[in-house]
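Read the structure below first, then the notes.
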Amino acid sequence: MTLLDVNDLRVSFASERGPLTVVHDVSFTVGTGEVLGIVGESGSGKTVSLLSVLGLLDKRVTTVTGQVSFRDQSLLDLPDREMRKIRGRDIALISQDPMTALTPVHTIGAQIAEQIRAHEDVSRKAVRARAVELLRDVRIPAPEQALDRFPHELSGGMRQRVAIAMALSCNPALVVADEPTTALDTTVQAQVLDLLRALRQSHGSSVVLITHDMGVVAEMADRVAVMYAGRVVETGPVADVFNDPWHPYTWGLLASIPPLTGPRQGRLYSIPGMPPAPGTALPGCAYAARCPSAMPICQTPPPEQGDGAHRALCFLDAGQRAKARPKAGALA
Amino acid sequence: MLATVLARLAQMIFVMFGISVLVFLIFFATPGSDPAARIAGRNAAPETVEQIRREFGFDRSLPVQYAVMMKRLFVTRDLTSFVNRGQKVIPQVLDAVPATLSLVAGAAVLWVIGSLFVGVVAAAMRDTVVDRGLMILSLIGISMPVFWLGEVMNLLSQSRFHDTWLFSWVPGLGYVPLSESVGGWFKALVIPWITLAVLYIGIYGRILRANLIEAYSEDYIRTARAKGLSPTRIMLRHALRTSLLPFVTMFGLDFGALVGGAALLTEVVFGLNGVGRLTFHALQNLDLPVILATVIYASFFVVAANAVVDMLYAVIDPRVRK
Amino acid sequence: MSLPADSNQAAASPVAARHLAAVSARGPWALAFRRLRRNRSAVASVVVLLIVVLLTLLAPVYADYLGVDPFRSNLRGQIEIGGEAVAVMQQSTTGLGLGVTPIGPTWNPAGYMLGADNQGRDVAARLLYGGRNSLLIAGAATAICLVLATLVGIVAGFLGGVVDMVLSRILDVLWAFPVYLLAISLSIVLLTSTIDLGIVTITAGSLALPIFIIGIIYVPYVARPVRARVLTLRQSEFVLAAVGLGLPTQRILRHDILPNLMPTIIVFVPILLALAIVTESALSYLSIGVQPPDASWGTIIQDGQSLLYSRPAVALAPGIAIVITVLALNVLGDAVRDALDPRGQVR
């Protein structure tokens, strides 16, 4: 069942030089209980897309068009008062940087309690009990004492767990996790991902996992959407996209992961060139400038390949793909 | 926590010492004329000048002179004025304190409430007419010399509109002690309070607005919004609460400027018998002992107040508490 | 309400950004100047300031045109109003009718446009002369303050160590001393003495006293941010590189530190000018600033105090002049700060 349906989402920011379009006609869906990974480089528009879905961008400088429906309710033209009910209760956000995501002057207990009481009418004692439960769920030691701590007394990993606890406090149907592990050490990363996985089982929420790390996607996601320069360039079930990627950008991303087996690479592969600056109006495919398989026709807008679960925004059809994709390891 | 308090107190003592040395150097060690003659005032008899020279130890070394000055200011408190023969200065200063404190405290309360209001409203209604209007008013408030504003207020409330309902309740210029009449005390101070507060509401309203707007671009505000909290709650409990911190520090700094300058001028304009007015009369009469006493006592008060504010900071900002 | 961290900037090419930074220092200046030019209120305030300066500079011209000496009492003077000769000092109609009241504003630029003061002098002409002094004192004090503060800030920030510690302690103490009280102390002592510096003698009535005093008292206000900036610059990569290369200190100061310090200093100019004007007016009002026979806006307000209820123009006019000038400076100061120092290290 589709929980979140985003169609032709377009986000522009007002600037001195006129409106800058950062997200172009992005579409994706999230079903109940599934994890959608959204992967792309910094600036690809992944965070902006989700923030605009939640209505968290500054309305004075941002224009959002398209259709976004959550449980068959259109979100984009919802008045803020109604949107507030959905935020935190039905859709929760876990921000990228745990060091700055919590208000420094309130205890974490107060901040968790605040969210619960904003959506539910619960007694103070019950809220506190629930907060302790939540902290226990995210495996924070000594949860009763932790409630009265301030954010600066906790490490980054701990703070991220608190953020997760807060996000899950009202049992949301959908959790948007914006690069939840980027700001953490690798060991802590693994712990947090484990946690997310376990919690998804126990709470049954869907997750939109934003990341730039293909490894995280492989580990956590059911489906994946690859974004580049504000567009979804490939999407599909994780197994399909990883085993048989269609878009040259996805090839590049996968090739950047050092392989566990095979000959040792002399030099780590990275995709040459830079993504286009946001707002640059490109006649055709945004990736054409860096694509090793670019053809003259790529100067015109690329069509969508595939019509099932697996789709890509590219001119290469099945036949051309097989020839164009470099053999595994050959890019090193 | 105790360590921080002690450290701050030590710093306060050090600064007070530094200020006392500086005042001493200015009053007693400035080249260009005889300090004894300066203290004696105009048209002093040579015997008086000689007497001063002995009493203040001008025939001894500088450190001794400093010690004598400090002793006469704080220990024996027998510093006397030579312009008003024999008038003991320190009791005079201490008598003037209630008026100054009343003025300063009331103005500070108004200042805090006023700037909170201006800052929050302007930030919440950012870029609207209300915001721009408040900011322009604040700018004008900052640009008016406080003593001139006081004169204008006097012109309106004592003269031009005194007979209208607006200002008929305003008593004549002067301070009414609290012990004498609460109502009178209050009525005599309302206009001076407003005059004094206007300048600082202007400054702090603008700063608070800027701080709030900056706070709004912080991550934790985004988290708060994502939690589904109401805009009022976000503004007051998250943005304002964190923006108060620099507000408090600066309050401490400006309190000094208030007491040392603006309050002084306000007392003069409104005829309030506070330390400021005392200083003003002494300036006109070139009565140096009085000025010496008021400057030191006022400075010490300001430094102490600053230290208190700093220590209060630890209460407000949990990050500082370790 | 916020833009997410990875919006526009991150996607722009880092290579291009590095290139832009390496371009000569004219880049950021031209950018700042353009931003300033586009700011309409900034342009308006510059125009206002220029008008004020121009008017005050024309003070002698106006006095000539009036044919009066605005510094000389004119108790028995007469002027023509509507063809009739009117005494400048009129019989007082209030109270017991025993005193004299100067005439009020004639609103006629030909004479006594803003009325006369206690001594029968033309207020409008005095206003212009007073403005000249006020602005002169403010400008000179600002210059002195900036030079001294920059010196102290650079020495403390660059040399570090004991020098920094001593200077910082001194600055702390100076800064803790309420500014006006310090000004009062210095004024009262200097007014009762004559300073002989060997090359120049400063007498009690000289304008140099308020200039010097106002210049000194605000030094900690500027020196502390300058020192902080120098400390930051000292740790920046290009300075560390220069030091590592063994370049002479003088060159580092001149080529690396000073140009990067300029924005911080320039932001202070309008702020200090505004502070100086207000401080000078307060000191003059208290009779410890500009001394008679010189006039300044502050002294004229003091002149007008006894006439406040009968002839308010005398006290109101200089105050309004101050408000206009200081308001323009504040608006300009905001704009300059936005153009040069958006992070707001200066209050």
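Might you report the magnitude of the Cβ-based charge dipole of segment A:1-134 about its Cα centre, with Lys and Arg at +1 and Asp and Glu at -1, to the nearest 20 debye?
560 debye
Highest mean first, how do B:127-135, C:56-64 rank when packing is the count of other Cβ atoms within 10 Å averaged over residues?
Final packing ranking: C:56-64, B:127-135.
Considering every residue in A:51-60, what mean count of other chain Cβ atoms within 10 Å of its Cβ is obtained?
4
Going Cα to Cα from A:K125, which aspartates and glutamates come in below 15 Å? Please leave out same-chain ones fewer than 8 positions away.
The reachable aspartates and glutamates, counting only those whose Cα sits under 15 Å from A:K125, are A:E114, A:E133, A:E144, A:D148.
Sequence neighbours fewer than 8 away in the same chain don't count; with that in mind, list the aspartates and glutamates whose C-alpha is under 19 Å from B:K187.
Of all the aspartates and glutamates, those that pass the test against B:K187 - Cα under 19 Å, at least 8 places apart if same chain - are B:E151, B:D163, B:E267.
Taking the simple approach of a point 7 Å from Cα along Cα-to-Cβ for both B:A210 and C:F238, what is their distance in nm?
2.6 nm
Using just the helices of chain A, give the 222 nm mean residue ellipticity in deg cm²/dmol: DSSP H runs with n ≥ 4 each add -39,500 (n - 2.57), and the total is spread over all residues, rounded to 500.
-9000 deg cm²/dmol
Rounded, prolate or oblate for segment A:94-143? Axes are the square roots of the Cα gyration tensor eigenvalues, ordered a ≥ b ≥ c, and the cut-off for rounded is a/c under 1.5. Display every interim value, and only then the final one.
Values: a/c = 1.94, a/b = 1.31, b/c = 1.49.
Oblate, since a/c reaches 1.5 and b/c is not below a/b.
Which one of C:A223, C:F268, C:P248 is farthest out on the positive end of the charge dipole of segment C:202-299, using unit charges on Cβ (Lys, Arg +1; Asp, Glu -1) and the Cα centre as origin?
C:P248
Could you state the angle between the C-alpha long axis of helix A:156-168 and the longest principal axis of the C-alpha atoms of chain A, as a value from 0 to 90 degrees rounded to the nearest 10?
Approximately 80 degrees, to the nearest 10.
Tilt of helix B:275-285 relative to the longest C-alpha principal axis of chain B, in degrees (0 to 90, nearest 10)?
So the inclination is approximately 40 degrees.
Under unit Cβ charges (Lys, Arg +1; Asp, Glu -1), what dipole magnitude, rounded to 20 debye, does segment A:182-332 have relative to its Cα centre?
420 debye
Let me confirm one metric for peptide A:102-111, namely the mean number of other chain beta-carbon atoms within 10 Å of its residues' beta-carbons.
5
If I take every Cα pair under 8 Å that is 6 or more residues apart in chain A, average their sequence separation and divide by the length, what percent do I get for the relative contact order?
Taking the mean separation of contacting Cα pairs over the length of chain A, I get 20 percent.
May I ask you to sort B:V259, B:V112 by Cβ crowding, counting other Cβ atoms within 10 Å and putting the fewest first?
Numbers: B:V259 25, B:V112 17.
The most exposed by this proxy come first: B:V112, B:V259.
Each label point is 7 Å from the Cα along the Cα-to-Cβ direction; what then is the distance between the points at B:M250 and A:N243, in nm?
6.3 nm
Sort segment A:1-110 into rounded, prolate or oblate with this rule: let a ≥ b ≥ c be the square roots of the eigenvalues of the Cα gyration tensor; rounded if a/c is under 1.5, and if a/c is not under 1.5, prolate when a/b is larger than b/c, oblate otherwise.
rounded
Treating the beta-carbon of each Lys and Arg as +1 and of each Asp and Glu as -1, no other charges, what is the dipole magnitude of chain B about its Cα centre, to the nearest 20 debye?
900 debye
Please find the FRET efficiency linking B:V109 to A:D307, where r is the Cβ-Cβ separation and R0 is fixed at 56 Å, and quote it to the nearest 0.05.
0.20
Applying 1/(1 + (r/R0)^6) with R0 = 41 Å to the Cβ-Cβ distance of A:A289 and B:V121, what FRET efficiency is obtained, to the nearest 0.05?
Values: r = 49 Å, r/R0 = 1.20.
Rounded to the nearest 0.05, the efficiency is 0.25.
Helix-derived [θ] at 222 nm for chain B: sum -39500 (n - 2.57) over DSSP H runs of at least 4, divide by residue count, nearest 500?
Numbers: 13 runs with 221 residues, N = 322.
The helix-only estimate for chain B comes to -23000 deg cm²/dmol at 222 nm.
Give me the distance in nm between label points sitting 7 Å out from Cα along the Cα-to-Cβ direction at A:S69 and A:T261, one decimal.
Label at A:S69, label at A:T261, 4.6 nm between them.
Extension gain B:L9-B:E47, at 0.36 nm per residue separation less the Cα-Cα distance, in nm?
Between B:L9 and B:E47, full extension yields an extra 9.3 nm.
Using R₀ = 22 Å, calculate the FRET efficiency as 1/(1 + (r/R₀)^6) where r is the Cβ-Cβ separation of B:W169 and B:L137; round to 0.05.
E between B:W169 and B:L137, to the nearest 0.05, is 0.30.
Please compute the average number of Cβ atoms from other chains found within 10 Å of each residue's Cβ in peptide A:129-138.
0
What do you get for the angle between helix A:108-119 and the principal long axis of chain A? Use alpha-carbon atoms, 0 to 90 degrees, nearest ten.
Once rounded, one gets 80 degrees.
Relative contact order for chain B: what is it in percent, counting Cα pairs under 8 Å that are at least 6 residues apart?
Numbers: 348 pairs, mean separation 82.1, N = 322.
Computed over chain B, the figure is 25 percent.
Treat the count of other C-beta atoms within 10 Å as a stand-in for reagent exposure and order C:Y112, B:Y313 from fewest to most.
Sorted ascending by nearby Cβ count, the order is B:Y313, C:Y112.
Which one, A:Q201, C:A44, B:W193, projects farthest toward the positive side of the charge dipole computed for the protein assembly as shown from Cβ point charges (K/R +1, D/E -1)?
Result: A:Q201, furthest along the dipole toward the positive end.
So the label point goes 7 Å from the Cα of A:R117 along Cα→C-beta, right? Which residues of segment A:90-108 then have their backbone N under 15 Å from it?
Of the residues in segment A:90-108, A:106-108 have backbone N under 15 Å from the label point off A:R117.
What shape does segment B:1-119 take by its C-alpha gyration tensor, where a ≥ b ≥ c are the square roots of the eigenvalues and a/c under 1.5 counts as rounded, a/b above b/c as prolate, and the rest as oblate?
Taking the square roots of the gyration eigenvalues as a ≥ b ≥ c, segment B:1-119 is prolate.
Readers should treat all values here as calculations from the given coordinates under stated rules, not as data from a laboratory. Nothing here was measured: the structure is a model prediction, and the numbers come from that model. With ideal geometry, Cβ positions are generated from the backbone for all residues, glycine too; neighbour counts draw on all protein chains shown.
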